[in-house]
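Written out below as structure tokens is the structure these notes cover.
What follows draws every value from the coordinates through simple rules; no lab data is involved. Since this is a predicted model, take the numbers as computed values, not measurements. Here the Cβ positions follow ideal geometry from the backbone for every residue, glycine too, while neighbour counts run over all protein chains shown.
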Amino acid sequence: MTTKQTKKSAAASSVKAVSKKIPTASNVKVALLGFGTVGSSVAKVLAAQKFPGIELTYVYNRNVERKRTSEAAKFVPKSTVWTEDVNVVLNSNVDVVIELMGGLIPAEGWLRKAMASGKSVVTANKQLIAYKGAALAKLAAANGVQLIYGAAVAGGVPVIPGIAQGLGGDQIKRISGIVNGTCNYILTRMETGADYATVLADAQALGYAESDPSADVDGYDARAKLCILSRIAMHAELNPDDVTTQSIADVDAIDFAYAKELNCTIRQVSSARFAGSQIQARVAPMLVPLASPMAWSHGTQNMVVASGRFGGDVVFSGHGAGGEPTAVAVVSDLLAVAQGSHAVQLPVRKRNVTGEFMASQYVRVVVDDKPGIVSAISGALAKVGANIDSILQRPGYPKHRLPFVVTTEPCLTSTIHKALASIAKMDCMLETPLCMQIVDIEDKG
């Protein structure tokens with residue numbers, strides 16, 4: 001046998017080995033790790049759809065008895081085994097493990113053990129996929145199983161399969177959009193005059209925000225999702241810790257009033273684009289022109305714009321938060337595994353990340369009004385080479401606590417930060433100045 005024939009034979013054997021481990025739709029045993037908002041919604045969708053050959057056989061959760069006696073448990077077949085010992089699941093004969101617990105530890109170890117024992121994995125764990133996705137994908141391939149995570153970004157919006165399958169032939173140069181439904185809910189409520197604290201409490205009551213909302217409002221959730229999208233769309237492996245984030249917690253009602261004067265609104269925007277061999281990436285509240293599609297996204301809606309070299313812009317939009325929209329994505333991934341479908345696999349390269357953007361800036365200050373303040377701020381900006389575009393001051397505010405806004409012509413992020421460091425030290429400043437990038441309507445973020 002020739003070397004070429006030997007390689008062909010080995011490849012054929014490898015394909016057969018992989019195909020044997022991928023379950024068919026007629027015999028798929030499924031385990032749920034996590035029976036919270038999303039996990040219980042997955043059980044509900046499976047019960048309503050009654051997909052042939054797909055059987056929910058295990059449910060794992062901490063303190064499992066309270067879940068077993070909950071109202072949501074009525075959607076779980078009576079034959080399903082409930083357990084709070086994850087090893088019962090990992091040592092079982094299930095074909096697919098659906099992981100909905102979140103976090104890096106112990107989820108990573110569980111999924112490694114599952115894949116090493118021949119089980120495919122469906123997960124909505126954006127932090128795990130952002131930090132460990134490339135390594136886990138290699139492990140899945142080595143064990144002839146699948147790792148699918150379409151629910152990790154944008155909930156029920158099929159942005160991951162849409163980009164991976166539908167845009168795999170394009171050369172995506174930029175990804176931008178709104179990928180955190182919680183922040184979008186908060187900011188669009190504030191747009192109508194509500195204050196941040198009240199809306200955050202409402203979001204928590206509705207289950208959109210956690211009791212500790214920092215992952216959402218400080219940008220870490222969106223950062224993980226942006227890194228996942230960068231890997232899939234631009235084939236760029238980013239370290240999430242290198243991506244600049246800015247909290248929405250400092251945005252106030254007055255900022256929406258000033259944004260409106262600038263024909264803008266405010267959204268948490270996630271953006272990544274090529275800048276030579278680097279990736280410019282940032283997650284932050286930004287002023288978005290009212291004519292931009294991102295300004296039209298309200299409530300828990302997500303919106304992602306993929307900008308390709310050949311295909312131009314493609315927009316994905318829909319509800320990104322909540323149990324049922326996310327469960328739809330999870331179950332869709334389960335069906336993909338059950339029917340043996342495979343995502344397009346393209347080479348991924350590690351890329352350095354920079355938070356340096358050239359953009360117009362919105363700077364809001366709150367001052368104890370005194371003569372010469374505008375001149376001092378103008379001087380601080382001029383000293384670093386930033387040109388003022390406009391100064392806005394709404395009437396009706398007391399002189400001893402006066403909010404006003406300066407917008408700049410396009411300048412580098414580092415340039416405006418140098419000016420802000422100087423401005424923040426001025427005796428008249430009552431609060432740390434708030435700076436937000438202004439999105440160019442042609443630039444989309």
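Some notes on this structure:
- Helix 413-423 axis, angle to the chain major axis (alpha carbon atoms, nearest 10°): 50
- A straight chain from SER341 to LYS260 at 0.36 nm per residue would run longer than the Cα-Cα distance by 24.5 nm.
- The alpha carbons of the range 378-422 stretch over 33, 19, 16 Å along the principal axes, in descending order.
- Compared with the dominant principal axis of the Cα atoms in the chain, helix 3-21 is inclined by about 90°.
- Looking at the chain alone, DSSP beta bridges between its own residues are antiparallel in about 65 percent of cases.
- Net length gained if the chain between LYS399 and GLU356 were fully extended (0.36 nm per residue, minus Cα distance): 12.0 nm
- Computed 3J(HN,Hα) for the range 78-94, one whole-Hz value per residue from the Karplus formula 6.51 cos²θ - 1.76 cosθ + 1.60 where θ = phi - 60°, is 5, 7, 5, 8, 9, 8, 10, 10, 4, 5, 4, 6, 5, 9, 8, 9, 5, glycine and proline marked x.
- Residue-span extension gain [GLU65 to GLN49] - 0.36 nm each, minus C-alpha spacing: 3.2 nm
- Folded to 0 to 90 degrees: helix 373-384 orientation relative to the chain principal axis, Cα: 60
- Prolate/oblate/rounded call for the range 294-445, Cα gyration tensor, a/c under 1.5 rounded: prolate
- Once the C-beta distance of LEU139 and ARG349 is scaled by a Förster radius of 25 Å, the resulting FRET efficiency is 0.80 to the nearest 0.05.
- 222 nm mean residue ellipticity, helices alone, for the chain (DSSP H n ≥ 4; -39,500 (n - 2.57); rounded to 500): -10500 deg cm²/dmol
- Here the scattering of the range 72-205 is modelled by Debye summation over its C-alpha atoms, one equal scatterer each and no solvent; at q = 0.16, 0.17, 0.18 Å⁻¹ the log10 of I(q)/I(0) is -0.99, -1.05, -1.10.
- Pairs with C-alpha atoms separated by more than 24 Å, drawn from the list LYS29/LYS113; LYS132/LYS418; LYS225/LYS350; LYS74/LYS126; LYS173/LYS383; LYS67/LYS138, are LYS132/LYS418; LYS74/LYS126; LYS173/LYS383; LYS67/LYS138.
- Working from label points 7 Å from Cα in the Cα-to-Cβ sense, the GLN204 to ILE388 distance is 4.0 nm.
- Highest GNM mean-square fluctuation among VAL314, VAL330, VAL59, for the chain modelled with Cα contacts below 10 Å: VAL314.
- Distance (nanometres) between label positions extended 7 Å along Cα→Cβ at THR37 and GLU324: 1.5
- A simple packing score, the average count of other Cβ atoms within 10 Å per residue, orders the peptides 80-91, 271-282 as 271-282, 80-91, with the highest score first.
- Amide H contacts under 5 Å for VAL81, placed H, 5+ residues apart: TYR58, VAL59
- Distribution of pairwise C-alpha distances over the range 150-282, 10 Å bins, in %: 12, 39, 32, 16, 1
- Pairs of C-alpha atoms in the chain farther apart than 29 Å represent 51 percent of all such pairs.
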